[in-house]
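Participant: I have a structure I would like to understand better, so I am pasting it below and will then ask my questions one at a time.
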Amino acid sequence: YKPFEPLVKRIKEDGKCLNGGILKVDSFINHQIDPTLLQAMSIEFVRRFATKEINKIITIEASGIAPAIMVGFLLNVPVVFVKKKKPSTMAGMYSTEVFSFTKNRAYTVCCSKEFLNEGDKVLFIDDFLANGNAAKGIIELTKQAKAELVGMGFIVEKSFQQGGSYLRNEGYQVESLAIIDSLDNCQIKFKEN
Ligand code: G4P
Ligand code: NA
Ligand code: NA
């Protein structure tokens, strides 16, 4: 693992630690967005997945969409965002349940069969990797579609939650631009390498 230093620097400057192991990055990722940093991070994702053949980016609404679009733009491939609202009819949709720890409830994620196809080589991009439940939902949807999930890129991974180790154990290439080992006592501790 190599930290992406411009992001680490920005988190040190502008990231805030909330109770319950939550990192607040509202001023440059999750509410206000810094497009220049987003562009630099997307270039870094493209570099880290350069050996992979990719024909589609997938993410989950809402906050995964911005980084996913920029990666899709750089690779000149379409970007599909999985929806969180259960459609009135499930006909023509792949769908599965995702449990959110931060919200303590399950929600349905779904994707039209039109936009995820057998043989697709898909890269998943998202803002946070915590427990990895969103990623598990993406794994399930791509399995339903018989698409290949070629890798997963996250802006921030929290290594004190289990998502990263689970996904790497499953054999996925997981690339996180910053890994946070601890947010205890409202101190942001970064993984060094
Ligand atoms: P998991 O997918 O890794 O299991 O994560 P979890 O259920 O814990 O997280 C649910 C939501 O909370 C996700 O966004 C995720 O991006 C976000 N999240 C998790 N940890 C942090 C954190 O430390 N800081 C911030 N800012 N967000 C975090 P979401 O609710 O699905 O919604 P959206 O924001 O993408 O719309
Ligand atoms: Na998210
Ligand atoms: Na989020």
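Participant: For an R0 of 22 angstrom, estimate the FRET efficiency from the Cβ-Cβ distance between E114 and E140 and round to the nearest 0.05.
Facilitator: Result of the calculation: an efficiency of 0.75.
Participant: Can you tell me the alpha carbon radius of gyration of the range 51-134 divided by the globular rule-of-thumb value 2.2 N^0.38 Å?
Facilitator: Working it through for the range 51-134, the quotient is 1.12.
Participant: Determine the order of F115, F154 by accessible area, beginning with the largest, at a probe radius of 1.4 Å.
Facilitator: Descending accessible area places them as F115, F154.
Participant: Summarise the accessible area of the chain (1.4 Å probe, protein heavy atoms) by the percent that is carbon and sulfur.
Facilitator: 50 percent
Participant: Check the straight Cα-Cα distances from K158 and name the lysines below 20 Å, setting aside those fewer than 8 residues away within the same chain.
Facilitator: Straight-line reach from K158, under 20 Å: K2, K9, K12, K16, K24, K103, K136, K189, K191.
Participant: Please list the non-local residues whose amide H lies under 5 Å from the amide H of S182, H modeled 1.01 Å from N, same-chain partners needing a gap of 5 or more.
Facilitator: For S182, whose amide H was placed from the backbone, the distant partners under 5 Å are K189.
Participant: While we're on this one: In whole Hz, what ³J(HN,Hα) sequence does the range 62-72 give by Karplus (6.51, -1.76, 1.60; θ = phi - 60°), x for Gly and Pro?
Facilitator: 9, 7, x, 5, 4, x, 4, 4, 5, 5, x
Participant: Per residue, how large is the accessible surface of the range 1-129? Use a 1.4 angstrom probe and give square angstrom.
Facilitator: I get 55 Å² per residue for this part.
Participant: Simple spin-label model, 7 Å along Cα-to-Cβ: Q162 to A106 in nm?
Facilitator: 1.7 nm
Participant: Return, in residue-number order, each cysteine of the chain whose C-beta is not under 4.7 Å from any other cysteine's C-beta.
Facilitator: Isolated Cys, the chain: C110, C111.
Participant: While we're on this one: Using Cα-Cα distances under 8 Å and only pairs 6 or more residues apart, what relative contact order does the range 43-193 have, in percent?
Facilitator: 20 percent
Participant: So what is the calculated 222 nm ellipticity per residue for the chain, using -39500 (n - 2.57) for each DSSP H run with n of 4 or more, over all residues, to the nearest 500 deg cm²/dmol?
Facilitator: -8500 deg cm²/dmol
Participant: Shifting gears a bit: Using θ = phi - 60° and the Karplus relation 6.51 cos²θ - 1.76 cosθ + 1.60, list the HN-Hα couplings for the range 46-52 in order, rounded to whole Hz, with x at every Gly or Pro.
Facilitator: Per residue, the Karplus-derived 3J(HN,Hα) values read 4, 4, 5, 10, 4, 7, 8 Hz.
Participant: I would also like to ask the following. Given contacts defined as C-alpha pairs under 8 Å and at least six residues apart, what's the relative contact order of the range 144-186, whole-number percent?
Facilitator: Normalised by residue count, the contact order of the range 144-186 is 46 percent.
Participant: Also, quick follow-up: Could you pull out every residue, at least 5 positions away or on a different chain, whose amide H is within less than 5 Å of the one on G153? Hs are placed 1.01 Å off N in the peptide plane, and Pro or chain starts have none.
Facilitator: Amide H to amide H, under 5 Å and 5 or more residues apart or across chains, G153 pairs with F124, I125, D126, E175.
Participant: Moving on. Kindly list the residues of the range 1-36 that lie in the label zone of K121, defined by a backbone N under 15 Å from the point 7 Å along the Cα-to-C-beta vector.
Facilitator: No residue passes the distance filter.
Participant: Give, to the nearest whole percent, the P(r) tail of the range 54-95 beyond 12 angstrom, counting all Cα pairs.
Facilitator: Across the range 54-95, Cα pairs with separations above 12 Å total 59 percent.
Participant: What does the extension gain come out to for F99 and K84, with contour length at 0.36 nm per residue minus their alpha carbon separation?
Facilitator: Fully extending the segment from F99 to K84 adds 4.2 nm.
Participant: Considering only DSSP beta bridges where both residues belong to the chain, give the percentage that are antiparallel (nearest 5).
Facilitator: Roughly 40 percent of the DSSP beta bridges within the chain come out antiparallel.
The values are calculated or read from the model by the stated rules, or taken from the named source; none is laboratory data. Since we're looking at a predicted model, the values are computed, not measured. Note that each Cβ is placed from the backbone with ideal geometry, even for glycine, and that neighbours are counted across all protein chains shown. Protein only, heavy atoms only, side chains kept; ligands, DNA and RNA dropped before computing areas. Shrake-Rupley method; radii C 1.70, N 1.55, O 1.52, S 1.80 Å.
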